[in-house]
Amino acid sequence: MKFDTPAGTNPIDRLKVIGQPVERYEAKLKVTGTATYAYEQQDTGRAAYGYILGAAIAKGRIRSIDLREAKAAPGVRAIVTHENAGKLGVGQFYVQRVLGGPQIDHYHQAVAVVVADTFEQARAATALIRIDYDRTQGQFDLAAQLSTSPIAKQGPFGGPTSTDVGDFEQAMADAPVTVDQTFTVPDQAHAMMEPHATIASWQGDQLTCWTAIQQVSWGTRDLALILGIPRGNIRLISPFVGGGFGGKGTVQSDLALAAVAARAAGCPVKVALTRELMFNNTIHRPKTIQRIRLGATRDGRLTAIGHESWSGNLRGGRGEASTISTRALYAGPNRMTRLHIATLDLAEGNAMRAPGEAPGLMALEVAMDELAEKLGIDPVDLRILNDTQVDPELPTRPFSQRRFVECLRTGAEKFGWNQRKSRPGTQLDGRWLVGMGVAGGIRGAPILKAGARLRLSRNGSLIVETDMTDIGTGSYTIVQQTAAEMMGVPLHKITVRMGDSTFPETAGSGGQFGAASVTAGVYAACIRLRETVAQRLGLDPAEIEFSDGMVMAAGKSIPLGDAALGGDIVVEDAMEYGDLSQRFMQQTFAAHFAEVGVDIYTGEIRVRRMQSVCAAGRILNPRTAHSQLIGGMTMGIGAALMEEMAVDTRFGFFVNHDLAGYEVPVHGDVPHLEAAFLDEVDPTISPLKAKGVGELGLTGVAPAIANAVYNATGVRVRHYPITLDKHLAALPALI
């Protein structure tokens with residue numbers, strides 16, 4: 001099915017099931033501990049355990065490996081290194097090599113996998129491996145390479161790396177009011193609850209892997225490239241994923257090396273990365289250094305917008321697209337963006353929740369706050385003043401929907417923004433300095449081809465199959481809701497099966513495209529099933545209605561299952577797209593408000609309350625969407641106040657590589673969070689008129705908190721995270 005014209009009225013618009021706060025499809029399984037994750041699968045036969053050894057240097061070569069003691073250790077079945085693994089390639093999405101040797105590319109790059117009867121035996125034997133390294137000098141400090149970092153090459157994601165509209169430099173020179181500041185966002189870790197884990201099993205030349213992965217179809221593609229085998233020989237199964245945030249997008253070392261180890265050991269092998277290995281072995285959000293320059297008239301109209309960003313990566317890796325939001329959020333006739341990339345010998349930088357937008361707004365939206373203060377204009381009013389309904393770089397291209405101003409005004413009213421003190425450092429509540437901050441949020445609304453298979457049985461029940469994954473976002477639930485709405489079948493009669501590469505292909509979970517894409521694919525399959533049912537029952541497809549398990553047309557009311565009396569009906573279809581995404585700027589928008597308290601004695605920062613208002617098309621399930629928003633807001637608290645992978649620039653590794661040293665928000669850090677959606681549909685996206693929300697809830701949260709901290713203290717911190725040591729000495733004197 002092809003979607004190439006804006007959607008009109010269709011069965012989804014009945015909103016009997018879609019748009020309702022339906023309980024999660026898999027909720028009972030999760031709360032009872034019976035949802036089976038990758039490492040817990042039991043139908044693999046007796047699996048041995050694999051344990052990965054990471055490189056002890058960040059750059060250099062392996063001179064020699066001595067495996068004699070390790071091979072003689074109890075329970076050891078096989079040891080895989082570069083010397084016996086065979087040729088291993090590189091996937092299409094990540095540039096990292098899953099197994100190092102003899103060349104070492106970064107610290108904790110896998111250099112060996114020990115397979116043994118038990119986990120403890122594998123771990124103990126790994127400690128007996130003796131490796132002699134030849135360490136060489138590496139590049140680990142982004143700041144040291146700013147002047148020599150070239151403009152990044154444009155890749156398939158993130159848009160152009162260099163843009164110019166008008167004459168930015170002249171407009172900046174002519175502007176009566178300007179801001180020119182540099183911001184730093186550190187390396188950040190996904191730190192998801194479930195570690196990367198895989199069980200791999202070979203049957204002849206056929207490989208089956210139970211794994212934690214977000215994009216199953218990308219996984220089969222990339223694993224085939226790494227192993228050098230046909231893609232059709234690989235089956236990936238991933239029914240439940242315990243969090244990903246982009247960190248399990250496609251093949252990581254656990255999946256590839258479990259497959260290699262299982263082949264070497266001649267038995268199924270299960271591998272889970274230890275938490276300390278995950279930080280330096282897998283991908284992360286790379287550090288950015290960003291320069292924002294804004295020029296405005298004295299009444300607040302932006303005349304010049306400039307954003308330059310530097311990030312680093314392994315050779316051949318992509319840069320962090322931090323300028324992407326700046327290109328779309330505000331009007332301004334003269335614009336310039338640049339993305340620079342440095343080669344660093346650290347673990348690969350790649351996608352993490354809202355790649356580009358999240359760190360980019362942490363700079364842009366603080367600069368907007370600084371501009372508002374210079375102008376003497378309320379920060380909300382400044383953003384409203386510079387709103388636009390067309391693409392700022394291409395004014396002939398309108399936004400499909402843009403209700404950013406309504407998000408700001410609604411949020412300000414709900415939050416009580418009019419109580420904010422415009423002069424920073426002047427509101428005290430006991431020992432706490434109190435401040436409020438605001439920031440805008442924007443995240444693209446991509447949608448990609450997705451397929452689904454439906455099976456209708458004679459009892460009127462439905463089975464829906466798709467390779468889509470559920471990483472805690474509610475994918476199972478909205479797939480079930482879509483089928484129920486389209487086919488008029490009660491929810492309890494619909495079974496959803498997901499996360500299996502033998503099912504119809506989708507783009508999976510990521511990039512905020514998952515929900516919109518998979519539900520459109522299910523819609524397409526349902527249209528095909530509706531047509532088949534009408535044909536089987538001798539009814540006119542144009543007049544047929546589906547409701548409460550019945551099919552109605554021409555005065556007849558027939559049980560849906562009757563169409564399958566001669567045997568189950570199985571249909572499959574996919575939704576493809578025309579050029580609407582080129583004709584319209586398709587985005588989601590948010591306004592985030594935060595109130596913080598800063599202890600005037602210690603400098604400790606506590607978030608007191610937050611309010612977000614979002615515009616993201618039709619909300620398929622308010623319950624799961626709200627969960628996504630408050631999850632993003634929580635992640636924004638971490639980005640603002642605590643999250644940082646500290647780099648040892650002498651030896652080239654992330655020092656705080658566990659959850660004791662890498663701090664993330666816990667219950668005590670998170671106040672009650674308020675989140676709301678505007679009532680909106682976007683007919684240019686899909687027949688469901690819905691967009692994703694999984695990343696919008698994060699974009700703009702951290703700068704709202706940063707602006708609140710400034711409003712509380714009068715001390716501007718431009719280098720995240722905002723920790724007490726960065727402003728303690730400059731706090732105002734106690735009154």
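The values are calculated or read from the model by the stated rules, or taken from the named source; none is laboratory data. Just so it is clear, the model here is predicted, and its values are computed rather than measured. Virtual Cβ from ideal backbone geometry, glycine too; neighbours counted across all protein chains shown. Heads up: the accessible areas ignore ligands, DNA and RNA and are worked out on the full protein's heavy atoms, side chains in. Shrake-Rupley method; radii C 1.70, N 1.55, O 1.52, S 1.80 Å.
A few comments on the model shown:
- Computed lengthening from residue 409 to residue 562, 0.36 nm per intervening residue step minus Cα-Cα distance: 49.8 nm
- Heavy-atom accessible surface of the range 610-735: percent carbon and sulfur, 1.4 Å: 57 percent
- Using the Cβ-Cβ distance between residue 193 and residue 646 with R0 set to 30 Å, the FRET efficiency works out to roughly 0.85.
- Direction-averaged projected area, Cα convex hull, the chain: 32.8 nm², rounded to one decimal.
- Using the Karplus relation 6.51 cos²θ - 1.76 cosθ + 1.60 with θ = phi - 60°, the per-residue 3J(HN,Hα) values for the range 45-60 come to x, 6, 8, 8, 10, x, 10, 8, 9, x, 4, 8, 10, 9, 7, x Hz, with x marking Gly and Pro.
- When a 1.4 Å probe is rolled over the protein heavy atoms, the share of accessible surface on the range 295-441 that falls to carbon and sulfur comes to 47 percent.
- Amide H contacts of residue 551 (H built 1.01 Å from N, under 5 Å, at least 5 apart or other chain): 558, 560
- Leading residue at positive end of dipole, the range 1-66 (Cβ point charges), from 50, 62, 29: 62
- Rounded to 5, percent antiparallel among DSSP beta bridges of the range 393-551: 60 percent
- Ranked packing of 624-632, 482-490, 435-443, 546-554, most packed first, by mean Cβ within 10 Å: 435-443, 482-490, 624-632, 546-554
- In this structure, the residue pairs whose Cα-Cα separation is over 29 Å, taken from 414/691; 414/493; 374/691; 287/414; 374/689, are 414/493; 374/691; 287/414; 374/689.
- Relative contact order for the chain, counting Cα pairs under 8 Å that sit 6 or more residues apart, in percent: 17 percent
- Solvent-accessible surface of the chain, averaged per residue with a 1.4 angstrom probe and all protein chains in place: 37 square angstrom.
- In the range 306-400, the DSSP beta bridges split such that about 20 percent are antiparallel, to the nearest 5.
- Using the Cβ-Cβ distance between residue 9 and residue 664 with R0 = 51 Å, the FRET efficiency computed as 1/(1 + (r/R0)^6) comes to roughly 0.70.
- Kirkwood Rh, angstrom, the range 436-475 [1 / mean 1/r, Cα pairs]: 14.4 Å
- Neighbour-limited loop hits for trypsin sites (Lys or Arg not before Pro), the range 544-644 (at most 16 other Cβ within 10 Å; DSSP other than H, G, I, E, B): none
- Proximal lysines relative to residue 270, as straight alpha-carbon distance under 25 Å, when same-chain residues fewer than 8 apart are discounted: 30, 71, 87, 248
- Just so you know, the Rg over Rh for the range 305-389 is 1.06, from Cα atoms, with Rh as the Kirkwood radius.
- Taking every DSSP beta bridge that has both ends in the range 108-237, the antiparallel portion is near 60%.
- Amide hydrogen proximity for residue 441: with H placed 1.01 Å from N in the peptide plane, the residues at 5 or more positions away or on another chain lying under 5 Å are 590, 591, 592.
- Electrostatic tally near residue 327: other residues with Cβ closer than 10 Å to its Cβ, Lys and Arg +1, Asp and Glu -1, net -1.
- Projecting label points 7 angstrom from Cα along Cα→Cβ for residue 554 and residue 147 puts them 8.3 nm apart.
- Relative contact order [Cα under 8 Å, 6+ residues apart], the range 239-367, whole percent: 26 percent
- Compactness of the range 164-270 is given as radius of gyration and Dmax, 22.2, 73 Å, from Cα positions.
- A simple rule links phi to the HN-Hα coupling: the Karplus curve 6.51 cos²θ - 1.76 cosθ + 1.60 with θ = phi - 60°, which for the range 491-506 gives 4, 5, 9, 10, 9, 10, 10, 9, x, 9, 5, 7, 8, x, 7, 10 Hz, with x for Gly and Pro.
- The alpha carbons of the range 22-74 give a radius of gyration and a Dmax of 20.2, 59 Å, in that order.
- Each residue of the range 68-84 is assigned a 3J(HN,Hα), and the resulting list reads 4, 5, 5, 5, 7, 6, x, x, 6, 9, 6, 10, 10, 9, 5, 6, 10 Hz, derived from the Karplus form 6.51 cos²θ - 1.76 cosθ + 1.60 (θ = phi - 60°), x at Gly and Pro.
- Its Cα centre serving as origin, the chain has a Cβ charge dipole (Lys and Arg +1, Asp and Glu -1) of approximately 580 debye.
- Förster-model FRET efficiency, 22 Å R0, residue 154 and residue 579, C-beta, rounded to 0.05: 0.60
- Average 1/r across all pairs of distinct alpha carbons in the range 599-735, invert it, and you get the Kirkwood radius: 17.0 Å.
- Packing, taken as the mean count of other beta carbons within 10 Å per residue, orders the peptides 113-119, 151-157 from highest to lowest as 113-119, 151-157.
- Added length on full extension, which subtracts the Cα-Cα distance from 0.36 nm per residue, residue 2 to residue 31: 6.5 nm
- Proximity of backbone amide H atoms, modeled 1.01 Å from N, is registered between residue 512 and no other residue at under 5 Å, excluding neighbours fewer than 5 places apart on the same chain.
- Farthest towards the positive end of the charge dipole of the chain, among the residues 498, 621, 368, is the Cα of 498, using unit charges on the Cβ of Lys, Arg, Asp and Glu.
- Residues in the range 324-357 that a label on residue 387 would reach, taking backbone N under 20 Å of a point 7 Å out along Cα→Cβ: 325-333
- Ranking 385, 598, 19 by Cα position along the charge dipole of the chain, where only Lys, Arg, Asp and Glu carry charges on their C-beta atoms, puts 19 farthest toward the positive end.
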